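The values are calculated or read from the model by the stated rules, or taken from the named source; none is laboratory data. Please read these numbers as outputs of a predicted model, since none were measured by experiment. For neighbour counting, all protein chains shown are included, and Cβ atoms are generated from backbone atoms with ideal geometry for every residue, glycine included. Just the protein is used for accessible areas: all its heavy atoms, side chains included, with ligands, DNA and RNA removed. Shrake-Rupley method; radii C 1.70, N 1.55, O 1.52, S 1.80 Å.
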Amino acid sequence: MSLEFGLMNEIQVPRPWREDQEYETYKQIIAQAILADEVGWDSFWTVEHHFLAEFSHCSAPESLYPYIAAKTDNIRIGHGVRLLPFPYNHPVRVAEAAATLDLVCDGRLEFGTGRSVSWDELAGFGIDPKETRGMWEEALEVVVGSWTEDVFSYDGKYFNLPPRHVIPKPRQKPHPPLWCASTGPEAHELAGRKGIGLLSLTLLVPLEELKNRIDLYRGGIAAATPVGKFINDRAATFTLVHCAETTKEAQATAAEAFVWYIKNALTILTSVARQVPAVNPGNGAGSEREEIGAYEYLRAFLDFDPDLITMDYLAENNLVIAGDPDYCIERVRMYEEVGIDLFLPMMQLYDIPHDKVMRSIRLFGEHVMPAFKKEASVRASASS
């Protein structure tokens with residue numbers, strides 16, 4: 001099986017804002033999805049974020065996807081991800097909306113889920129960080145049951161539903177592939193144990209550590225008790241990518257945008273750890289802090305010096321990819337070697353001009369992706 005490629009998007013709208021800038025950005029995102037479909041990308045993904053001005057203006061992906069579905073023919077459409085804790089979304093409404101989307105896109109939905117990692121989003125919706133893991137687990141059960149049972153009921157800690165016909169049902173049977181966004185090591189293993197696809201949305205994680213986390217996922221899959229009706233054993237990861245005719249041009253175009261993204265993402269990723277109060281702030285034990293459940297792993301990022309983040313640092317540590325098609329092939333192969341099944345380049349970043357993003361999508365689709373499809377074909381022929 002060949003490595004697959006999905007175009008990942010945060011939908012960024014940097015300041016200074018001008019009139020119609022959000023409108024223009026959404027039109028550009030749609031054009032990028034259409035082009036990706038035309039040149040053979042496997043899937044198109046966007047996030048669900050709230051309140052993250054500039055960084056992500058994608059708060060309602062369920063409204064964007066049907067339009068993209070109507071404008072494309074083959075590309076699969078991925079929630080990367082749908083936030084499951086309430087009151088972000090009630091799981092019954094999630095099931096209804098996703099099933100409807102799967103119908104109108106002819107069964108092209110990839111259903112990624114997550115619980116959110118930013119303080120602005122969690123606190124904005126009044127969600128206790130310590131409860132998000134449990135909410136996500138219950139909500140995922142509700143979604144699967146709603147899709148697969150004629151009459152479904154649920155009695156849990158966070159969600160209760162009397163017997164009801166939850167309609168419509170998705171086109172894909174028994175249901176669309178399930179995925180889970182994972183940033184910490186524990187979540188990688190948990191995704192495997194639940195038998196769902198891994199969206200390893202890691203930041204500042206070198207390839208060696210990424211391999212360790214993929215191995216944790218594979219170990220979980222080996223002992224999976226699937227929450228869905230089948231095991232989706234695919235592992236995906238994302239990184240920032242810009243492809244141009246020359247490596248010099250690609251790195252010059254991408255440098256400021258890559259650094260801007262990583263620094264802002266680091267601030268967002270550490271926000272819960274920074275906001276939860278210290279246990280004994282007045283007696284010299286300021287580093288001793290209240291437990292934040294499944295977010296504890298984020299405390300390690302508090303010690304990372306953002307001044308270290310330069311384009312040279314990111315490139316030298318294989319944390320981003322900016323180069324000509326041959327350079328991109330070489331770097332993507334490193335991700336393939338650590339066990340990735342789906343590679344998710346993010347190309348619409350900060351102030352990179354739309355025409356250069358479109359060129360990057362085309363070059364990647366026409367020159368980088370075919371190299372991996374060809375290699376997979378050769379391997380298949382040799383083993384037959």
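List of remarks:
- Accessible area of Arg108 in the full protein assembly, 1.4 Å probe (Å², nearest 10): 20 Å²
- Restraint check, Lys173/Lys373; Lys194/Lys229; Lys27/Lys71; Lys130/Lys157; Lys71/Lys173, Cα-Cα greater than 19 Å: Lys173/Lys373; Lys71/Lys173
- The apolar share of the surface of segment 197-243, taken as the fraction of accessible area on carbon and sulfur atoms (1.4 Å probe, ligands and nucleic acids excluded), comes to 53 percent.
- Counting only protein heavy atoms and a 1.4 Å probe, the chain has 42 square angstrom of accessible area per residue.
- Rolling a 1.4 Å probe over the protein heavy atoms of segment 1-83, with every protein chain left in place, gives an accessible area that is 48 percent carbon and sulfur.
- Of the Cα atoms belonging to segment 159-212, the radius of gyration and Dmax stand at 16.0, 48 Å.
- Accessible surface ranking for Tyr297, Tyr23, 1.4 angstrom probe, highest first: Tyr23, Tyr297.
- Dipole in debye (nearest 20) - the chain, about Cα centre, beta carbon charges: Lys, Arg +1; Asp, Glu -1: 860 debye
- Accessible surface of segment 92-187 [probe 1.4 Å, protein heavy atoms]: carbon and sulfur percent: 52 percent
- Gap separating the Cα centres of segment 332-369 and segment 74-91, nearest whole Å: 23 Å
- Other-chain or far-sequence residues with amide H under 5 Å of Thr113's (modelled H): Arg82, Trp179, Cys180, Ala181
- Aspartates and glutamates whose Cα lies under 20 Å from that of Lys169, excluding same-chain neighbours fewer than 8 positions away: Glu62, Glu96, Asp102, Asp106, Glu110, Glu138, Glu141, Glu149, Asp150
- Measuring between their Cα centroids, segment 159-225 and segment 20-53 lie 24 Å from each other.
- Counting heavy atoms of the protein chains alone, Cys243 has an accessible area of about 0 Å² for a 1.4 Å probe.
- Each Lys and Arg adds +1 at its Cβ and each Asp and Glu adds -1 at its Cβ; summed about the Cα centre, segment 1-106 shows a dipole of about 220 debye.
- Using a cutoff of 8 angstrom between alpha carbon atoms and counting only pairs six or more residues apart, the relative contact order for the chain works out to 20 percent.
- For the chain, with +1 on Lys and Arg beta carbons and -1 on Asp and Glu, the positive-most of Phe304, Gln12, Leu198 along the dipole: Leu198
- Residues His188, His49, sorted by accessible area with the largest first, give His49, His188 [1.4 Å probe; ligands and nucleic acids excluded].
- The chain: radius of gyration over Cα atoms, expressed as a fraction of 2.2 N^0.38 Å: 0.97
- Rg over Rh for segment 73-117 works out to 1.01, both radii taken from alpha-carbon positions and Rh defined as the Kirkwood radius.
- Each of Ile361, Pro177, Gly145 was placed along the dipole of the chain (beta-carbon charges, centred on the mean Cα), and the one lying farthest toward the positive end is Gly145.
- Kirkwood hydrodynamic radius of segment 140-187, from the reciprocal of the average inverse Cα-Cα distance over all distinct pairs: 12.3 Å.
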